[in-house]
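Asks: Below is one structure. I have some questions about it.
The values are calculated or read from the model by the stated rules, or taken from the named source; none is laboratory data. Values in this document were obtained by computation on a predicted structure and should not be read as measured data. Protein only, heavy atoms only, side chains kept; ligands, DNA and RNA dropped before computing areas. Shrake-Rupley method; radii C 1.70, N 1.55, O 1.52, S 1.80 Å.
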Amino acid sequence: MCNDLLGLFGWPEYSGSDIKFRKATVLRELGKAKEALEFCKKWMQKEPENVVAATAGVYTFIDTKEYDKAETLVDRFIMDKSKCFEENEIMFIAASKLYGVMGRKRRKKR
């Protein structure tokens, strides 16, 4: 259904990131982590600077317990002095979850 929606809303100025993010989330929630991972990898390859794609990747890597890959994505979008704004808030939330799963309480809080 997500693919159908993306086709219906394929306007040039609309990236479809919110629907793609939901698709990755639903695949993970249905226990299809491998399929979600393949989808996210293709999406991130196509849109390497898209924070929403990278965030979907972080959640997928968390589910597949590939924490090092998830952390690499987080580090690409959150630098040491980065501030949380509306545009990158989604990645900060994913980073908090990642560091919580990894047991890094100090990093999660920061």
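Asks: Determine how large the accessible area of residue 35 is when every protein chain is in place; take a 1.4 Å probe and give Å² rounded to the nearest 10.
Replies: The accessible area of residue 35 comes to roughly 90 Å².
Asks: Could you compute how fast the range 31-99 diffuses translationally, taking Rh as the Kirkwood radius over C-alpha pairs and applying Stokes-Einstein at 37 °C with viscosity 0.692 mPa s? Give it in µm² per second.
Replies: The Stokes-Einstein estimate is 276 µm²/s.
Asks: Ignoring ligands, DNA and RNA, please state the percent of accessible area on the range 21-107 from carbon and sulfur, probe 1.4 Å.
Replies: Numbers: 2870 of 5460 Å².
In the range 21-107, the share of accessible area belonging to carbon and sulfur is 53 percent.
Asks: Which of the lysines could a cross-linker span from residue 83 if the Cα-Cα distance has to be under 29 Å and same-chain partners fewer than 8 positions apart are dropped?
Replies: 20, 23, 41, 42, 46, 65, 69, 97, 105, 108, 109
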